[in-house]
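Below is one structure, written out as structure tokens, with a few remarks after it.
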């Protein structure tokens with residue numbers, strides 16, 4: 001059976017492609033080929049690499065035709081960011097594939113209300129990314145319900161793993177925060193540090209995609225949250241990381257309007273997006289229907305990523 005994975009060399013693809021190969025699938029990885037997988041694996045030696053720039057292909061309205069020409073049985077779409085792009089691909093694949101699995105985001109919900117958030121709760125997304133991903137989800141589930149198109153949507157949390165810097169305890173990607181915690185220096189948290197982040201290891205996301213394929217009948221027409229067992233408050237996250245470095249956490253707190261002036265404008269914007277969402281999602285549906293079982297807690301996933309950063313002198 002042939003699987004075409006669009007965006008196969010990214011965070012999740014680094015783990016998913018070898019899993020697919022080891023499971024016996026013929027794998028074609030579609031990307032712009034501007035980066036290599038985050039970690040080496042011999043499985044990549046037998047993966048066919050196809051170079052397509054999706055943005056340019058969508059402008060010419062031929063991306064779907066190019067994917068169809070690869071004769072996939074299953075399409076895994078890691079990089080669909082607009083409803084128009086999803087619609088164009090679906091029209092090309094309609095009646096031609098057994099399963100189409102799209103990667104979404106837990107940000108489709110907007111502000112957390114009742115936590116842990118589950119898939120039945122109303123969508124109130126904000127920000128272009130969350131709004132567009134929610135529109136993609138709505139379109140795919142609608143077309144699946146109305147026409148039988150075999151779609152599934154998986155919504156990962158803050159993906160983390162060796163090769164890139166995790167969302168840190170102040171909600172952005174500045175590695176200096178981990179450096180300060182490791183040195184026993186003070187770290188300022190916004191507000192009271194009670195906002196939440198919900199990480200997930202990239203290999204657990206890859207596991208979820210495999211589970212969706214293996215449990216196709218349960219996955220069709222459904223969306224699932226793919227995160228660790230539990231979210232972390234900023235306070236607990238900072239404290240745990242300081243302790244992991246063998247230090248006592250020295251933490252200060254400032255209201256948002258003052259705190260945002262302690263970082264640059266870009267970092268403040270990223271932090272605000274994370275703490276405004278304060279994601280805290282349930283995996284009960286994925287556990288029940290897909291048999292999804294994350295191997296990593298949020299802290300374990302972060303600590304593995306930070307260890308990699310330290311060993312390679314990035315932190």
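Numerical summary
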item	result
Distance from segment 89-143 to segment 275-315 (C-alpha centre basis), Å	20
Percent of Cα-Cα distances greater than 21 Å, calculated over segment 1-109	32
Share of pairwise Cα separations in segment 38-94, more than 17 Å, in percent	43
Cα Rg, Dmax (largest Cα-Cα span) when computed across segment 66-135, Å	14.4, 44
Fully extended contour minus Cα-Cα distance, from residue 253 to residue 70, at 0.36 nm per residue	60.5 nm
FRET efficiency for residue 192 and residue 62, using Cβ-Cβ distance with R0 set to 45 Å, rounded to 0.05	0.30
FRET efficiency, 1/(1 + (r/R0)^6) with R0 25 Å, evaluated for residue 215 and residue 120 via beta carbons	0.80
Order of 12, 262 - criterion: other Cβ atoms within 10 Å of each residue's Cβ, fewest first	262, 12
Normalised contact order of the chain, rounded percent, pairs of Cα under 8 Å and 6 or more residues apart	19
Additional length obtainable on full extension of the chain from residue 314 to residue 43, 0.36 nm per residue less Cα span	94.8 nm
Relative contact order, percent, segment 107-232 [alpha-carbon distance under 8 Å, six or more residues apart]	29
Rg(Cα)/(2.2 N^0.38 Å) for segment 189-315, N = residue count	1.24
Ellipticity estimate at 222 nm from DSSP helix runs (n ≥ 4, -39,500 (n - 2.57)) divided over the chain, nearest 500	-11500 deg cm²/dmol
Average projection area in nm² (convex hull over Cα atoms of segment 268-315, one quarter of hull surface)	5.0
Kirkwood hydrodynamic radius (C-alpha pairs) into Stokes-Einstein, segment 24-168, 4 °C and 1.567 mPa s, D in µm²/s	77
Long-range tail of P(r) for segment 209-259 (Cα pairs > 18 Å, %)	60
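Every read-out reported here was derived from the displayed coordinates using simple, explicitly stated rules and does not represent laboratory data. Since we're looking at a predicted model, the values are computed, not measured. Don't worry about glycine lacking a Cβ; one is built from the backbone with ideal geometry, like all the others, and counts go over all protein chains shown.
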